[in-house]
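> This is the structure I have questions about; it appears just below.
The values are calculated or read from the model by the stated rules, or taken from the named source; none is laboratory data. Keep in mind the model is a prediction, meaning the values are calculated, not measured. Using ideal geometry, Cβ is built from the backbone for each residue, glycine included, and neighbour counts are taken over all protein chains shown.
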């Protein structure tokens with residue numbers, strides 16, 4: 001509730017002074033004009049004044065004045081109303097156009113953002129599939145690597161077998177040499193006495209040597225076959241490994257390209273979001289301009305009302321002056337007709 005310090009009449013008088021000076025009434029200006037009063041009290045009185053002004057906005061000028069003045073006042077009132085309505089309609093059309101443009105821009109930005117989100121979703125799906133393929137290729141590469149390790153182990157085992165065979169061959173050759181040495185020694189010792197037995201021993205030795213050479217040839221053939229098989233399997237594994245590495249590199253390149261596209265889409269979405277924020281700010285500025293235009297229109301209407309009040313005061317002053325002049329003329333006419341009416345009576349009395 002308003003305090004009793006500042007009354008509504010005081011606020012109304014301050015508003016009239018501000019409007020007469022061409023200023024729009026506000027709480028701060030009214031308080032500066034009055035030099036006192038709280039903002040709450042002045043604000044309540046200002047709202048009451050605006051409410052009353054809105055209720056009496058379309059009330060025409062009071063009648064009871066001469067017809068020419070009445071017509072002039074009504075004409076001025078209608079011109080002021082037309083100018084105010086035209087200005088308000090212009091500002092409203094301009095504001096509506098700006099708001100429509102802003103809404104269209106926001107809709108376009110939202111569509112671009114939705115397109116960017118859809119492209120991002122598609123890219124994410126494609127990226128997921130690429131990662132799955134990369135994982136599969138990695139698993140296949142792991143299996144190939146395991147096979148390669150197995151073949152390496154098999155080759156190592158073959159080399160160990162070959163080493164053992166060669167060691168066995170060396171042992172056999174050493175044994176052969178020892179047997180030959182023993183045979184030569186026995187032959188030297190028993191050459192005379194055991195010539196027949198020496199022949200048998202030589203035959204046995206030749207047979208053993210033939211068997212030994214056969215074993216050596218078989219071992220060499222097995223080793224060569226194992227080496228060829230190992231080389232072939234190693235070559236196949238190398239080719240498969242190289243192909244897997246090539247495909248992995250291609251997948252990594254594709255993944256990098258998809259990541260680059262996703263970043264580009266993310267940047268486009270951020271740009272669209274920035275554009276939408278800018279459009280919201282533009283809409284806010286347009287709303288502020290519309291409010292300023294309405295405030296200016298209110299100020300103009302206030303000035304028109306002040307001019308109407310001044311015109312009405314001047315008209316009433318002119319009417320009062322005209323009425324006073326008419327009264328003076330009537331009084332002068334009465335004074336002028338008074339002596340003429342008294343003349344005959346005086347002549348009659350003089351005759352008597």
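> Determine, yes or no, whether residue 168 is part of a helix (DSSP H, G or I) and closer than 30 Å to residue 245 by Cβ.
Values: part of a helix (DSSP H, G or I): yes; closer than 30 Å to residue 245 by Cβ: no.
Here the answer is no, as residue 168 does not meet what is asked.
> Regarding residue 201, is this residue modelled with pLDDT of 80 or more, more than 60 Å from the chain's Cα centre (by Cα) and over 23 Å from residue 224 (Cβ atoms)?
Answer is no for this residue.
> Would it be correct to say that residue 193 is modelled with pLDDT under 85, assigned by TED's automatic domain parsing to the domain that holds residue 248 and surrounded by fewer than 11 Cβ atoms within 10 Å (Cβ to Cβ)?
In short, yes.
> Looking at residue 294, is it modelled with pLDDT of 85 or more and in the same structural domain as residue 121 (by TED's automatic domain parsing)?
For residue 294, the condition - modelled with pLDDT of 85 or more and in the same structural domain as residue 121 (by TED's automatic domain parsing) - is not met.
> Okay, next question. Please indicate, with yes or no, whether at least one residue in the range 137-146 is loosely packed, with under 13 Cβ neighbours inside 10 Å and within 30 Å of residue 276 (Cβ to Cβ).
Looking for residues that are loosely packed, with under 13 Cβ neighbours inside 10 Å and within 30 Å of residue 276 (Cβ to Cβ), one finds none in the range 137-146, hence no.
> Has the range 137-145 got any residue that is assigned by TED's automatic domain parsing to the domain that holds residue 221, under 29 Å from residue 270 (Cα atoms) and assigned to a helix (DSSP H, G or I)?
No, there is no match, as no residue in the range 137-145 is assigned by TED's automatic domain parsing to the domain that holds residue 221, under 29 Å from residue 270 (Cα atoms) and assigned to a helix (DSSP H, G or I).
> Can you find even one residue in the range 100-119 that is closer than 21 Å to residue 299 by Cα and at pLDDT below 80?
No: zero hits.
> Follow-up question, since we're still on this one. Quick one: which of 193, 182, 244 is assigned to a helix (DSSP H, G or I) and more than 60 Å from the chain's Cα centre (by Cα)?
182 is the lone residue from the list that is assigned to a helix (DSSP H, G or I) and more than 60 Å from the chain's Cα centre (by Cα).
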